[in-house]
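Trainee: This structure is in structure tokens; I'll ask about it shortly.
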């Protein structure tokens, strides 16, 4: 099996954690470096560019505040601003990890982790870059399964995006109501059909100081529900973005804690080709503010 390209750095003062992480990650990624001392970050980052850095939140004996991790996160942001930082925390430190997300970390993972979760979290962080957009543009032009009509692919222009904005990348919690979760709703689609969707729960978060909610769904036929489908509309819908709304996809977590990144919001395939059948966001997922992040319509 070929390894995924990427330079990974793991920083933790627990040698057992480094050993376990190294065993798992070295099977999947081309370059993995482990380090016990965070004060070695300066020379390490001067010598090599790392795509993803997994960073523990506490280092000094008896210290559990997580502030050491936050301080080292800020150091990484200065020394290697393009690196994606994943905070590692024990289960009881989830709130600290959420704080780190607000400070600019890309994601967090809870120790002890499931190996598959560790790999998918690192892979997702590797994909979180502008190169993703280049890959998508090329796929839309060249892939036989592209949603763009075949006659239009050769001249299809690059997709349009709002400028990246970290204020649209926020922590969220999934609230599941016993009386509401699992309720099947019939979601209207772009071809005039009704699609059966299961409401999983409500994602609660804040953007620019405003408390918001979005309902998360899954296909009614999906028995595993390992991903959440979050269609939404906002005050750009129909003017700066597609009138049929935009989508977010989230990997399901055991903790109910998520990172919503509207910079990843994308147009459904029916925006490019009316033959596709795309669910419209329900009324409850219409946000009362403009979300100028993620895909947009081309400016004219």
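The values are calculated or read from the model by the stated rules, or taken from the named source; none is laboratory data. What you see is a predicted model, and the numbers here were worked out from it, not measured in a lab. Cβ: placed from backbone, ideal geometry, glycine included. Neighbour counts: every protein chain shown.
Trainee: Determine whether the stretch 204-211 contains at least one residue that is in contact (Cβ under 8 Å) with a residue 24 or more places away in the chain, touching a helix residue (DSSP H, G or I) at 6+ places or on another chain (Cβ under 8 Å) and closer than 14 Å to residue 292 by Cβ.
Mentor: Checked against the condition, which is being in contact (Cβ under 8 Å) with a residue 24 or more places away in the chain, touching a helix residue (DSSP H, G or I) at 6+ places or on another chain (Cβ under 8 Å) and closer than 14 Å to residue 292 by Cβ, the stretch 204-211 yields at least one hit.
Trainee: While we're on this one: Of (1) modelled with pLDDT of 95 or more; (2) under 17 Å from residue 165 (Cα atoms); (3) in a strand (DSSP E or B), residue 259 satisfies all except one. Which?
Mentor: With respect to (1) modelled with pLDDT of 95 or more; (2) under 17 Å from residue 165 (Cα atoms); (3) in a strand (DSSP E or B), residue 259 is out only on (1).
Trainee: Name the residues in the stretch 177-197 that are closer than 23 Å to residue 266 by Cβ, touching a residue at least 24 places away in the same chain (Cβ under 8 Å) and not in a strand (DSSP E or B), would you?
Mentor: 190, 191, 193 - these are the residues of the stretch 177-197 that are closer than 23 Å to residue 266 by Cβ, touching a residue at least 24 places away in the same chain (Cβ under 8 Å) and not in a strand (DSSP E or B).
Trainee: I've got another one for you. Which of the residues belonging to the stretch 59-75 are assigned to a loop (DSSP other than H, G, I, E, B) and either touching a residue at least 40 places away in the same chain (Cβ under 8 Å) or over 19 Å from residue 110 (Cβ atoms) (or both)?
Mentor: Within the stretch 59-75, 59, 60, 61, 62 qualify.
Trainee: All but one of (1) touching a residue at least 60 places away in the same chain (Cβ under 8 Å); (2) part of a strand (DSSP E or B); (3) under 21 Å from the mean Cα position of the chain (by Cα) hold for residue 218; state the number of the condition that does not hold.
Mentor: The one condition residue 218 does not meet is (1).
Trainee: Name the one entry in 235, 212 that is at pLDDT 95 or above, closer than 26 Å to residue 161 by Cβ, assigned to a strand (DSSP E or B) and assigned by TED's automatic domain parsing to the domain that holds residue 166. Spell out how you get there, then give the answer.
Mentor: Numbers: 235 fails: assigned to a strand (DSSP E or B).
The conditions single out 212.
Trainee: Does the stretch 254-266 hold any residues that are without any contact (Cβ under 8 Å) to a residue 60 or more places away in the chain and over 12 Å from the mean Cα position of the chain (by Cα), and which are they?
Mentor: 254, 266
Trainee: May I pose another question? Go through the residues of the stretch 96-110 one by one and say whether even a single one is in the same structural domain as residue 27 (by TED's automatic domain parsing), modelled with pLDDT under 85 and more than 18 Å from the chain's Cα centre (by Cα).
Mentor: yes
Trainee: Condition check: at pLDDT 95 or above, part of a loop (DSSP other than H, G, I, E, B), within 17 Å of the chain's Cα centre (by Cα) and surrounded by 14 or more Cβ atoms within 10 Å (Cβ to Cβ). Does residue 230 satisfy that?
Mentor: Working: at pLDDT 95 or above: yes; part of a loop (DSSP other than H, G, I, E, B): no; within 17 Å of the chain's Cα centre (by Cα): yes; surrounded by 14 or more Cβ atoms within 10 Å (Cβ to Cβ): yes.
Answer is no for this residue.
Trainee: Identify the single condition in (1) in a strand (DSSP E or B); (2) touching a helix residue (DSSP H, G or I) at 6+ places or on another chain (Cβ under 8 Å) that residue 200 does not satisfy, given that it satisfies every other one.
Mentor: Only one criterion in (1) in a strand (DSSP E or B); (2) touching a helix residue (DSSP H, G or I) at 6+ places or on another chain (Cβ under 8 Å) is unmet by residue 200, namely (2).
Trainee: Within the stretch 22-41, how many residues turn out to be under 21 Å from residue 72 (Cα atoms), part of a helix (DSSP H, G or I) and touching a helix residue (DSSP H, G or I) at 6+ places or on another chain (Cβ under 7 Å)?
Mentor: Residues meeting the conditions: 2.
Trainee: Continuing with the same structure: What number of residues within the stretch 42-58 are touching a residue at least 60 places away in the same chain (Cβ under 8 Å) and not in a loop (DSSP other than H, G, I, E, B)? Step through it out loud before you land on a result.
Mentor: Applying the first criterion (touching a residue at least 60 places away in the same chain (Cβ under 8 Å)) to the stretch 42-58 yields 51-52, 54.
Checking which are not in a loop (DSSP other than H, G, I, E, B) leaves us with 52, 54.
Qualifying residue count, the stretch 42-58: 2.
Trainee: Here is a check on your reading of the model: is residue 49 under 30 Å from residue 168 (Cβ atoms) and out of contact with any helix residue (DSSP H, G or I) (no Cβ under 9 Å at 6 or more places or on another chain)?
Mentor: Numbers: under 30 Å from residue 168 (Cβ atoms): yes; out of contact with any helix residue (DSSP H, G or I) (no Cβ under 9 Å at 6 or more places or on another chain): yes.
Yes, satisfied.
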